Amino acid sequence: ASLIEITAMATNIQGAVPACVLAMPKLQKINVARNYLNGTLPDLPRATPMRYVSLGTQYSTPAITGSIPSSYASSPTLEFLFLNNLALNGSIPDSFANSRLRELSLKANELTGVIPSSLAAAPYLLSIDLSGNNLSGEVPTGLYDNPNRTYVDLSSNALTKLSVTSAHANPGASLEYLNAAYNDIDERGVPETLTTLSGLKVLLLFKNRLHGPMLNAATTPVWDLRYFDASFNEFSGDVPDATHFGNIFAGGSGWWGDNALELSRNAFTNAPEWLEDYANVMNVRVGFMNNPIACPLPTSLIRRDFLA
């Protein structure tokens, strides 16, 4: 009864997750990822002091399935929840109003419906990974613009709108990574809220239906971009100059790899002449292939393998 932690990753555990284990009165952490568990998720008793639950990546066929009980979202003690790479279905419970979660991964399941507003409003969440599901509709206010967020992955869903009207005085101040690639986002230009995220270093928007001019000419972005991929969209008009792309053209590399601006496979008709000014900058890659440009790219850029 005094057990406070169970860690048994990759130990060939089989069968259903026992409800009695989650109900142990002093248990604070359970990590049984990478096993062969199946069945459905039992409720998480409210009276337990559980802080950390990791049940992700089960190799059974099928893996853990069914819906996510609302008790995981409403727990007053849970801080880390990893339910990735399972077979969970249904909608995400809209009961995060009193959540103390700091990290949440529901990656690679079969979840449907919209992203609940209570999840977007959860005040303590730093990292959110909802990628690889079938979530739809609009991204709710607060999901990525909350100043506490650092990492948000929404890729490979069916989301249709990314822009939000932020209620925060300093939106996305801590956000470094936002991935909304492989969705069905159909908006004109890069959502302006994104340009106000002062800490944003990596922005992935490829494989959507974004169209029209990339940025409003009157917009002065404050983001700290180092890696921006907006390929496979329908952007047209002129490519804004380097000052609109954060610190990409300062050169360098980091946890994101080399700095990069990837704009291939859009509808740009003019090659940005200002690129020649940065052809000698090290550790910068620019993708501009497969755009219907009316004139050849400058040979100085091609020779230097500046363009990918």
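Numbers at a glance
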{"item": "Heavy atoms of ILE115 accessible to a 1.4 Å probe, total area in Å² rounded to 10", "result": "10"}
{"item": "Accessible-area value, TRP255, 1.4 Å probe, nucleic acids and ligands omitted, Å²", "result": "150"}
{"item": "Percent RCO, i.e. relative contact order, over the chain, from Cα pairs under 8 Å lying at least 6 residues apart", "result": "8"}
{"item": "Three-way shape call for segment 1-76 based on the alpha-carbon gyration tensor, with the a/c threshold at 1.5", "result": "oblate"}
{"item": "Segment 1-129: equivalent-ellipsoid semi-axes (sqrt of 5 x gyration tensor eigenvalues, Cα, Å)", "result": "21, 19, 12"}
{"item": "Segment 153-204, accessible surface, carbon-and-sulfur percent (1.4 angstrom probe)", "result": "44"}
{"item": "Cα-based shape type of segment 156-276, given that a ≥ b ≥ c are square roots of the gyration tensor eigenvalues and the cut on a/c is 1.5", "result": "rounded"}
{"item": "Peptide ranges 25-36, 128-139 listed from the most packed, as the mean C-beta count within 10 angstrom indicates", "result": "128-139, 25-36"}
{"item": "Stretch gain in nm, segment SER67-GLU234, where the contour uses 0.36 nm per residue and the Cα spacing is subtracted", "result": "56.5 nm"}
{"item": "Value of relative contact order over segment 64-155, rounded to a whole percent, pairs C-alpha under 8 Å and six or more apart", "result": "25"}
{"item": "Electrostatic dipole magnitude of segment 1-158 [Cβ: Lys, Arg +1; Asp, Glu -1; Cα centre; debye, to 20]", "result": "440"}
{"item": "Rh (Kirkwood; distinct C-alpha pairs) - the chain, Å", "result": "20.9"}
{"item": "Cβ-defined net charge surrounding ALA108, 15 Å radius [Lys, Arg +1; Asp, Glu -1]", "result": "-1"}
{"item": "Charge dipole (debye, nearest 20) of the chain; +1 at Cβ of Lys and Arg, -1 at Cβ of Asp and Glu", "result": "920"}
{"item": "Integer Hz, Karplus 6.51/-1.76/1.60 couplings in order for segment 55-60, x for Gly and Pro", "result": "10, x, 6, 9, 8, 6"}
{"item": "For the chain: accessible area per residue (Å², 1.4 Å)", "result": "43"}
{"item": "Peptide ranges 77-88, 211-222, 10-21, 236-247 listed from the most packed, as the mean C-beta count within 10 angstrom indicates", "result": "77-88, 236-247, 211-222, 10-21"}
{"item": "Extension gain from ASP241 to ASP43, taking 0.36 nm per residue of separation minus the Cα-Cα distance", "result": "66.0 nm"}
{"item": "Net charge of Cβ neighbours under 15 Å - reference SER198; Lys, Arg +1; Asp, Glu -1", "result": "-1"}
{"item": "Rounded if a/c under 1.5, otherwise prolate or oblate - segment 145-222, Cα gyration tensor axes", "result": "oblate"}
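The values are calculated or read from the model by the stated rules, or taken from the named source; none is laboratory data. For clarity, every value in this text was computed on a predicted model and none was experimentally measured. Quick reminder, even Gly has a Cβ in these numbers, built from the backbone with ideal geometry, and neighbours come from all protein chains shown. The area values use the complete protein model at the heavy-atom level, side chains included, leaving out ligands, DNA and RNA. Shrake-Rupley method; radii C 1.70, N 1.55, O 1.52, S 1.80 Å.
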